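Peer 1: One structure coming up, written as structure tokens, with questions to follow.
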Amino acid sequence: MTAVHVLILGPPGAGKGTQSSRIAERFDVEHVTTGDALRGNKDMDISDMDTEYDTPREYMEAGDLVPDAVVNAIVEEALQSADGYVLDGYPRNMEQADELTDMTDLDVILSLSVSRDELVDRLTGRRVCDDCGTNFHVEFDQPEDDGICDDCGGELIQREDDNEASVNNRLDVFDDNTAPVIDQYRDDEGFVEVDGEQTPDEVWADIEAAVENRT
């Protein structure tokens, strides 16, 4: 089977990371995220791009936002070096979507559809281990002992950006910037909308079938 090129889209809390990992394992492709691509190429020479710094590492160490042009170049490098991929977390806006069109051809474009109320419940209920970073949820994925990480015994905390006000702000940003990207892809023959409010296994069954049908 030819290595597949998959793009997965959806709002924060839709389950993109979980399902991307399953896609990567099932179809033997790379799971490419913006964060991982940045970390994997942090010493990439960008001196020819007329940017403030000569490597992404310098932006990251300074705590500065990496410019879109640099992110685009790093994502392109990651995709070109991958023997098949599932791309998660990019593009975030129409400008990046246009860049992606020039970078690569997509076989499958998955859009996880979840209502705002459900997303708010998922994100505000998330708890993260302060030591190892493992995720839990007050309703959907509770630890064996309340407030204690099953993996390492660390304290479970609510991230600052998982309060209701911050969550709604993140969803507003998604609606403004990324939802138009999804609308643009709807006419693509590889576009598949998946009901993200099903159980994770039901979502996976739909995703697996969609990818298999287009490869």
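Peer 1: For the chain, set up a GNM with springs between Cα atoms under 10 Å and report which of V29, V194, V128 has the largest fluctuation.
Peer 2: So, out of V29, V194, V128, the one fluctuating most is V128.
Peer 1: If R0 is 45 Å, what FRET efficiency do you get for R214 and D172 from their C-beta distance, rounded to 0.05?
Peer 2: 0.90
Peer 1: State the three equivalent ellipsoid semi-axes of the stretch 1-103, derived from the C-alpha gyration tensor as the square roots of 5 times its eigenvalues, in descending order and whole Å.
Peer 2: The answer is 25, 15, 13 Å, longest axis first.
Peer 1: For the chain, what proportion of DSSP beta bridges, expressed in % and rounded to the nearest 5, is antiparallel?
Peer 2: Counting only bridges with both partners in the chain, antiparallel ones make up about 30 percent.
Peer 1: For the stretch 113-215, what does the alpha-carbon gyration tensor say about shape, rounded, prolate or oblate, given a ≥ b ≥ c as the root eigenvalues, a/c under 1.5 as rounded, and a/b over b/c as prolate?
Peer 2: Note, shape of the stretch 113-215 comes out oblate.
Peer 1: Sticking with this structure for a sec: Need one number: nm distance between label points at D187 and R26, each 7 Å from Cα along Cα→Cβ, rounded to one decimal.
Peer 2: Reported label-point gap for D187 and R26 is 3.0 nm.
Peer 1: Further, regarding this structure: I need the calculated FRET efficiency for the pair T101 and E202, taking r as the beta carbon distance and R₀ as 30 Å, to the nearest 0.05.
Peer 2: That pair, T101 with E202, gives E of 0.45.
Peer 1: Treating only the Cβ atoms of Lys and Arg (+1) and Asp and Glu (-1) as charged, compute the dipole magnitude of the chain about its Cα centre; round to the nearest 20 debye. Could the numbers behind the result be given before it?
Peer 2: Working: 15 positive and 56 negative charges, 42 e Å.
So the magnitude is around 200 debye.
Peer 1: Would you mind calculating the gained length between T134 and D117 on full extension (0.36 nm times residue separation, minus the Cα-Cα distance), in nm to one decimal?
Peer 2: 3.7 nm
Peer 1: Quick one: Cα centre-to-centre distance for the stretch 89-140 and the stretch 162-215, in angstrom?
Peer 2: That distance is 8 Å.
Peer 1: As I understand it, the dipole of the stretch 22-129 uses +1 on the Cβ of Lys and Arg and -1 on the Cβ of Asp and Glu, about the Cα centre. Which of N93, L119, N72 lies farthest toward its positive end?
Peer 2: L119
Peer 1: State the extension gain, in nm to one decimal, for the chain segment bounded by E61 and D195, taking 0.36 nm per residue of separation less the distance between their alpha-carbons.
Peer 2: 44.3 nm
Peer 1: Another question, then. What GluC sites (Glu not before Pro) does the stretch 120-194 have in DSSP loop regions with at most 14 other beta carbons within 10 Å? Don't skip to the end; give the middle numbers.
Peer 2: On the way: sites: E139, E144, E155, E160, E164, E189, E193; in loops: E139, E144, E189.
For GluC sites (Glu not before Pro) across the stretch 120-194 that sit outside H, G, I, E and B with at most 14 neighbouring Cβ atoms in 10 Å, the list reads E139, E144, E189.
Peer 1: Using a Förster distance of 41 angstrom, determine the FRET efficiency expected from the C-beta separation of D54 and A3, and round it to 0.05. It would help to have the intermediate numbers written out before the result.
Peer 2: Values: r = 33 Å, r/R0 = 0.80.
For D54 and A3, the calculated efficiency is 0.80.
Peer 1: Still on this structure: For the chain, report the translational diffusion coefficient in µm²/s to the nearest whole number, using Stokes-Einstein at 25 °C, 0.890 mPa s, and a Kirkwood Rh over Cα pairs.
Peer 2: On the way: Rh = 18.6 Å.
Calculated translational D: 132 µm²/s.
Readers should treat all values here as calculations from the given coordinates under stated rules, not as data from a laboratory. Please read all numbers here as calculations on a predicted model, not as lab measurements. Ideal geometry is used to build each Cβ from the backbone, glycine not excepted, and the neighbour counts take in all protein chains shown.
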